[in-house]
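Step one of this worksheet: look at the structure below.
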Amino acid sequence: MSQKLVAVKGMNDLMSPQIELWQFVERTAREMFGTWGYSEIRTPIVEDTALFVRSVGEVTDIVSKEMYTFEDKGGRSLTMRPENTAPAVRAYIEHGLGQQPLTRWYYLGPMFRYERMKTGRYRQFYQLGAEAYGPADASQDVENIALAWSFLKAIGIQHVTLHLNSLGDAADRPRYLEALKAYFAPHVATFSEAARDTFERNTMRLLDTKEEALRPLVAGAPVIGDFLGDAARAHFDEVQALLTKLEIPFVLDRSLVRGLDYYTRTTFEFIYEPPSGESTLGTAGTVCGGGRYDNLVHELGGPEKPAVGFAMGLDRLVLLLEALGTQAPLRPLLFVATMEGELKAHAFKLVTDLRLKGLAVDFDPRGGKIKRQAERASAVKARHFVVYGQSEHEAKVLKIKNMDLPDADPNKEVSVPLDDLAPWLLNASKAVSVSSSP
Ligand code: ATP
Ligand code: MG
């Protein structure tokens with residue numbers, strides 16, 4: 001017997017009813033990010049492995065354990081992108097955009113990480129990100145953060161807290177690293193081999209460790225905030241002042257270091273923290289992470305260009321929307337029940353004409369008993385229902401039932417002349433999109 005074929009572990013099929021939420025989130029993102037001056041960039045799914053090793057960093061979890069790396073038939077080492085900041089920077093440099101004073105991009109698409117999967121943590125997952133290259137000014141950091149914040153609000157996500165920190169400038173690092181090394185050094189003998197390796201090769205990454213045994217030690221480690229130089233300190237103060245000005249609440253989180261090597265100055269995360277304390281996402285509560293990366297463009301071979309950006313986990317946002325009971329407004333406006341023969345052809349023509357006018361109208365090609373067709377209308381959550389019978393055809397008037405109203409409601413059924421049907425439905429669709437957008 002042949003083996004049962006199933007999707008790869010950690011990779012999901014996305015379909016109705018969740019797909020309508022995905023589409024709602026994506027539609028809102030494209031509209032909103034465009035309005036904020038960000039244009040879309042689409043880079044390939046696979047890149048040269050070296051791109052991620054050099055940008056994300058060799059001693060990070062992503063590069064050391066989580067990458068889907070393979071050799072192609074030409075012997076090149078390729079990697080399925082685990083994140084999209086490095087590919088975007090690669091494209092930015094490759095197309096000579098460093099000539100321009102300001103480039104703002106957003107991206108939306110699948111990323112791949114070989115992770116231990118659970119709710120909200122998958123091996124193929126989707127990120128929506130926004131990057132701004134050029135301005136070093138604090139207002140650019142805050143614009144980027146405000147975009148993430150406004151987007152979460154626009155799709156109806158509540159109870160997310162903005163966590164904020166500064167990692168200082170590259171020039172502030174050596175003093176901090178020295179203090180960090182001195183702090184951990186007396187304990188290294190007790191470390192696991194992996195932790196010892198991290199200590200040797202990239203000490204700061206210990207702060208991001210997933211090893212429980214190390215947590216208490218890490219909790220007492222020196223924090224970068226005490227080592228900021230004057231410029232980074234002033235920048236961080238301004239970021240906070242501007243966030244306050246825009247009335248975006250935040251908490252300072254001195255231990256927030258993020259899992260990628262390229263960050264400088266501002267770093268931030270939006271974390272889902274419901275008042276009950278019970279999170280549907282468990283440990284996967286971070287819905288967005290980002291920050292400044294002022295040296296990455298140069299490190300990857302481009303000009304000196306400060307930059308800032310974030311990435312949001314769309315899988316997690318859709319899970320939250322589902323838990324909130326959010327309904328994507330994509331129900332058919334009208335369901336047409338059909339009779340047999342000539343009448344069915346008339347009804348079919350009507351459905352098609354209305355669809356060509358952009359109206360969401362549905363019917364059941366199988367026909368059959370009206371009761372069964374009505375059940376089908378309920379199953380697809382149609383807002384209105386009509387039977388296209390002989391008398392309707394002759395009188396050219398349809399009796400339209402509003403499926404959302406109780407039977408006793410005097411507006412439950414209205415008569416609409418066939419000639420007025422399209423504008424009548426258009427009107428109904430406007431009323432619907434106002435009342436039911438989440
Ligand atoms: P985490 O601490 O949850 O592992 P991260 O620091 O690795 O997150 P980033 O690399 O900053 O995350 O990615 C930005 C966002 O992408 C995360 O905040 C999260 O919402 C989402 N994300 C990251 N990894 C996954 C995954 N394996 N499955 C689903 N979403 C993910
Ligand atoms: Mg991670």
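Each value in this text was obtained by applying a stated rule to the coordinates, not by laboratory testing. These figures come from a predicted structure and were not determined experimentally. When we count neighbours, we look across all protein chains shown, and the Cβ atoms used for this are built from the backbone with ideal geometry, even at glycine.
Of the residues His346, Ser77, Trp36, the one whose Cα sits farthest toward the positive end of the charge dipole of the chain, with +1 on the Cβ of Lys and Arg and -1 on the Cβ of Asp and Glu, is His346. Other residues within the sphere of radius under 12 Å centred on the Cβ of Arg331, judged by their own Cβ, net out at -1 (K and R +1, D and E -1). Note on the chain: dipole from Cβ charges, positive end direction compared against Tyr293, Ala323, Thr203; the farthest Cα belongs to Ala323. Partners of Lys430 within straight-line reach, counting lysines whose Cα lies under 16 Å from its Cα and excluding those fewer than 8 residues away in the same chain: Lys357.
Charge tally for Val287 (other residues, Cβ to Cβ under 11 Å; Lys, Arg +1; Asp, Glu -1): -2. Bridging of Lys65 to lysines at a Cα separation below 19 Å is possible for Lys9, Lys118, Lys210, once same-chain residues fewer than 8 apart are set aside. State the Cα centre-to-centre distance between segment 79-153 and segment 258-316 in whole Å. The distance from the Cα centre of segment 79-153 to that of segment 258-316 comes to 9 Å. Using the membrane-span-like helix rule (whole DSSP H runs, Cα extent along the own axis of at least 18 Å, mean Kyte-Doolittle hydropathy at least 0.0), which helices of the chain qualify? Helices meeting the span and hydropathy rule in the chain are 138-154, 342-356, 421-436.
When all alpha carbon pairs of segment 262-404 are counted in 10 Å bins from zero, the resulting P(r) reads 10, 25, 15, 14, 15, 13, 7, 1 %.
Taking Lys and Arg as +1 and Asp and Glu as -1, the other residues whose beta-carbon sits under 13 Å from that of Trp424 total +2.
How would segment 351-412 be classified by its alpha-carbon gyration tensor: rounded, prolate or oblate, with rounded meaning a/c under 1.5 and the a/b versus b/c comparison settling the rest? The shape class here is rounded. Counting only DSSP beta bridges whose two residues both lie in segment 284-392, roughly 40 percent are antiparallel. When you work out D = kT/(6 pi eta Rh) for segment 87-212 at 25 °C and 0.890 mPa s, using the Kirkwood radius from C-alpha pairs as Rh and the Stokes-Einstein form, the result is 132 µm²/s. For a test of the definition: using alpha carbon positions, the gyration tensor, and the 1.5 limit on a/c, classify segment 69-109 as rounded, prolate or oblate. Here segment 69-109 falls in the oblate category.
Give me the log10 of I(q) over I(0) for the chain at q = 0.06, 0.10, 0.13 Å⁻¹, as the Debye formula computes it from C-alpha points; what are the numbers? The computed values of log10 I(q)/I(0) come out as -0.36, -0.82, -1.15.
Could you name the lysines whose alpha carbon sits less than 25 Å from that of Lys245, not counting residues in the same chain fewer than 8 places away? Partners within reach: Lys153. Summary of the geometry: segment 375-415 and segment 212-245, compared by the centres of their Cα atoms, lie 62 Å apart. In terms of overall dimensions, segment 1-62 has a Cα radius of gyration and Dmax of 18.0, 56 angstrom. Once you divide the Cα radius of gyration of segment 204-347 by 2.2 N^0.38 Å, the number left is 1.64.
Once you sort the root eigenvalues of the Cα gyration tensor of segment 30-73 as a ≥ b ≥ c, which label holds: rounded (a/c under 1.5), prolate (a/b larger than b/c) or oblate (the other case)? Prolate shape, in that a/c is at least 1.5 and a/b is the bigger ratio.
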